[in-house]
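Written below as structure tokens is the structure these notes are about.
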């Protein structure tokens, strides 16, 4: 997975602060928008149903007026010989109802008689004339007509026709048709009341005041979805003829329930619809409105919310830039100063201008630079001391007579307390060499200073006459003057070799005995002797030991305890047995090669473990 990497702290702050803020604003805005949208849609549902109900009630009221007179006409059936006068009066009243254009009453004979029809047509403005004309034409057949009317037993409104154009009034009309039945249930007549279709919706002023017919797409549809009336300018025949999913869904809902609302697809919805079924006719009022119009307040609020959120984010970015500008500038200066320090240029200290975390960081950086400069100076001094100390040690492989002498020191710090030396002075005599190996307690600068002190005392005293024991006793007495207050001490193994006479004399001042390996016999021995470390007791009388007549191939190793006390990562000590194995295995090597083999083996044995003590050894081999 790819991880975005930012080049600057400012970018990281902006991104990591704005992402949670943007998520919070977006989620809060979305939740608020959904809640408000649902609330507004719920309110619209209630308002739409109420509005449709009001308009449907108006249409039902206009349809119910003529239907009430028709029902009254039905109740006059079969009551007596004078019923036809009441029926005539009811027809006159029907003809006078507002919106009624004419009333047609048609009679027909039974199945056995030839068909004979009496038509009574009563116009709204000339009903009395039509009535008189009808009465004059049928005066001779009154008895027959009365007989037909006597046979009218009950009636039923069987049809409300869809609107169609009527050429007589040059307007669309609808008809309320009622079938008249005899006692046997046969149709013997028909009563038709013709209404102006536009009357159902009120006059022009009332239509203009109607929210339904002026502000929305509104339809009056029958049970099959046929559009009877519409506010749409285009001539549409069916509600769902354009395969609009909302209109299809609305039509299917109309067949199942009497009223309801449908929410179209989209967020916000593109369109919403509502419908309400009339009680006096098998028709439905349908209203379709655009979703943006209904939700315009919340959509406007969403726009303002986005603008305000964007402005708020921009303000936050500007504030972050302003707040972090000084801090980032200080951090950049700090970074540049750190690069200079890394190159060894310490320069001047950075000014601390603030008391915040950046100011504390700069203050700590200045303190670090000062301490680092001091440490670098100290390191340079230590390197110089190391160089000086290394120059005090013998640099060359020594060969005198049939003897090969080699040595090496490896310090665990820049300076150390181990010491070895090859002393060849004219005062010692021709063919003679003094070999010294010492180990100061501890390591580092204090040990190095004590080591150089002993070296100077030993070299100075060796040039003076006296036995080997007297030399070491004098060195110890002078050293005790310096160590009486500090408690420092140093072990020393000092040997004087006379190559001409094949004699060795040594003094052991608290140091480890030298290891002696005889190649001819394969046996190991040690150069022991009594003595304490230098710097402890100024009155200690040291003793001198002697060895002469060494055989060919003999190897003598003088070392410090840093060799056999070296530990590996498991905590195991190197030990003296491994030293003996190396001497036995590499007995044919020169003294210089044996020294190198031992130090390399120590390094391999230690692995990643840090060197904890100085290592010094001298190897003398009889060739």
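Once C-alpha pairs closer than 8 Å and six or more residues apart are averaged by separation and normalised to the residue number of the range 298-384, the relative contact order reads 20 percent. Peptides 171-183, 539-551 ranked from most to least packed by the mean count of surrounding Cβ atoms within 10 Å: 171-183, 539-551. Remark: the range 165-312 projects, on average over all directions, an area of 13.2 nm² (convex hull of Cα atoms).
Highest-first packing order for the peptide set 499-506, 336-343 is 499-506, 336-343, based on the mean count of other beta carbon atoms within 10 Å.
Computed on the Cα trace of the chain, the radius of gyration divided by the Kirkwood hydrodynamic radius gives Rg/Rh = 1.68.
Normalised by the number of residues in the range 428-587, the average gap of Cα pairs under 8 Å and 6 or more apart makes the relative contact order 24 percent. Between the C-alpha center of the range 589-623 and that of the range 306-372 there is a gap of 52 Å.
Angle of helix 468-483 to the longest C-alpha principal axis of the chain, folded into 0 to 90 degrees and rounded to 10: 50°.
Ratio of Rg to Rh for the range 393-622: 0.95 [Cα atoms; Kirkwood radius as inverse mean 1/r over pairs].
Each listed q (0.12, 0.17, 0.19, 0.21 Å⁻¹) maps to a log10 I(q)/I(0) for the range 237-374 from the Debye sum over equal C-alpha point scatterers, namely -0.69, -0.94, -1.05, -1.16.
Taken over the range 447-495, the percentage of Cα pairs per 5 Å bin, counting from 0 up to the bin with the maximum distance, is 4, 21, 35, 24, 12, 4, 0. To the nearest ten degrees, helix 591-606 and the longest principal axis of the Cα atoms of the chain are 30 degrees apart. Considering helices alone, the calculated mean residue ellipticity of the chain at 222 nm is -15000 deg cm²/dmol, with DSSP H runs of length four and up weighted by -39500 (n - 2.57) and normalised per residue. Taking the C-alpha atoms only, the angle from helix 245-254 to the longest principal axis of the chain is near 50 degrees. Computed over the chain, relative contact order equals 9 percent, with contacts defined as Cα pairs under 8 Å that lie 6+ residues apart.
Projecting the alpha carbon convex hull of the range 457-566 along each direction and taking the average yields 8.2 nm². The C-alpha atoms of the range 15-70 occupy a region whose extents along the principal axes are 79, 10, 8 Å, arranged from largest to smallest. By the Stokes-Einstein formula, at 0.692 mPa s and 37 °C, the range 231-280 with its Kirkwood radius over alpha-carbon pairs has D equal to 274 µm²/s.
Compactness ratio for the range 298-384: Cα radius of gyration over 2.2 N^0.38 Å (N = residue count) comes to 1.86. Between the range 535-581 and the range 457-511, the alpha-carbon centres lie 17 Å apart. Take each peptide in 417-427, 247-257, count the other Cβ atoms within 10 Å of every residue, and average; sorted highest first, the result is 417-427, 247-257.
Bear in mind that the values in this text are calculations on the coordinates, not laboratory data. This is a predicted model, so every value here is computed, not measured. Positions of Cβ are backbone-derived with ideal geometry, glycine not excepted, and every protein chain shown enters the neighbour counts.
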